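Engineer: Quick one: this structure, given as structure tokens, is what I'll be asking you about.
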Amino acid sequence: MSKVVLITGANKGIGFEVARQLGHAGFTVLLGARDAARGEEAAAKLRSEGADVRYVVADLDRASETATALAGQIKKEFGHLDVLINNAGIFDLTGGDSPASTAKIDAVKRTFEINFFGTVEFTQPLLPLLRAAESARIINVSSGLGSLGLNSDPTSPFYPVKPLGYNASKAALNMFTVDLAWELRDTRIKVNSICPGFTATDINNNTGTQTIEEGAEAIVRFAQQPDDSPTGGFFHKDGTYPW
């Protein structure tokens, strides 16, 4: 039986490319999206390439509700979940999420609701299914902008980029990775934060310097990591980042 991977925010961008690559690697892909039409279209495109891909509702505005429904669906059909990739996230492009002295609190709260609270709420109902797998992986798609070390290092390219809500939400997501990895340390579940890098996607108005394929690289690799691989770390395609 093929392994089952659930990917949020997978109807476009990095999530879609990860779905494509893991589908071609033999995974059964549950392509999560909040918009049914776009999700179905994306899944159909990958099925036309020969992959086993099914659209599922994954809406971080209704994280607990949709994850609980999905958990029931996955338990009934597969009995377990091998990989959860928390890819869905937002970046405020209105200017409201700015440096600390001027950031609009509504923009900061909205960013946290999706990038942190939504991800935690979405993950929790799925943990029993991940525990039921022979071995499982949880990947939280983070960002180097969530690194306190890089944010305070004048030599880092991340140093001058200071949208408070986004950076803080990804730092909080990294803490979720560390805490969950600790909690699951005696299981065969690996939990890691992965930074895809500055990739050209809708989240940055396609200003990123990496291709979608480059952005997917580390996520795809860690979804297939062996049981003796690390857990509770912060990785990118070329190595590790400081917390």
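Engineer: For the chain, what does the helix formula give at 222 nm: sum of -39500 (n - 2.57) over DSSP H segments with n ≥ 4, over the residue count, nearest 500 deg cm²/dmol?
Structural biologist: Taking each H run of at least 4 residues, the total per residue is -11500 deg cm²/dmol.
Engineer: In vacuo Debye scattering of the chain, one point per C-alpha: log10 I(q)/I(0) at q = 0.08, 0.12, 0.16 Å⁻¹?
Structural biologist: So the normalised log intensities work out to -0.27, -0.63, -1.15.
Engineer: Residue 3: which lysines have alpha carbons under 18 Å from its alpha carbon, excluding same-chain residues fewer than 8 sequence positions away?
Structural biologist: Those lysines meeting the cut-off are 75, 76, 190.
Engineer: Taking Cα pairs under 8 Å and at least six residues apart, what relative contact order does the chain come out at, in percent?
Structural biologist: Relative contact order of the chain: 18 percent.
Engineer: What is the sum of charges, Lys and Arg at +1 and Asp and Glu at -1, for the other residues whose Cβ falls under 12 Å from the Cβ of residue 166?
Structural biologist: Result for the neighbourhood of residue 166: +1.
Engineer: Carbon and sulfur: what percent of segment 1-96's accessible surface (1.4 Å probe)?
Structural biologist: It is 49 percent, rounded to a whole number.
Engineer: Moving on. Under 5 Å between amide H atoms, partner at least 5 residues away or on a different chain: which partners does residue 189 have, H built in plane at 1.01 Å?
Structural biologist: The answer is 136.
Engineer: I would also like to ask the following. Taking only protein heavy atoms and a 1.4 Å probe, what accessible area per residue, in Å², does segment 1-130 have with all protein chains in place?
Structural biologist: Here the residues of segment 1-130 average 45 Å² of exposed surface.
Engineer: Carbon and sulfur together cover what percent of the accessible area of segment 123-243 at a 1.4 Å probe radius?
Structural biologist: C and S fraction of accessible area: 56 percent.
Engineer: Can you pull the accessible area of residue 24 for me, 1.4 Å probe, Å² to the nearest 10?
Structural biologist: Its accessible surface works out to 110 Å², give or take rounding.
Engineer: About its Cα centre, what dipole magnitude does segment 62-190 give when the only charges are +1 on Lys and Arg Cβ and -1 on Asp and Glu Cβ, stated in debye to the nearest 20?
Structural biologist: It comes to approximately 80 debye.
The values are calculated or read from the model by the stated rules, or taken from the named source; none is laboratory data. Given the structure is predicted, the values throughout are model-derived calculations rather than measurements. Positions of Cβ are backbone-derived with ideal geometry, glycine not excepted, and every protein chain shown enters the neighbour counts. Protein only, heavy atoms only, side chains kept; ligands, DNA and RNA dropped before computing areas. Shrake-Rupley method; radii C 1.70, N 1.55, O 1.52, S 1.80 Å.
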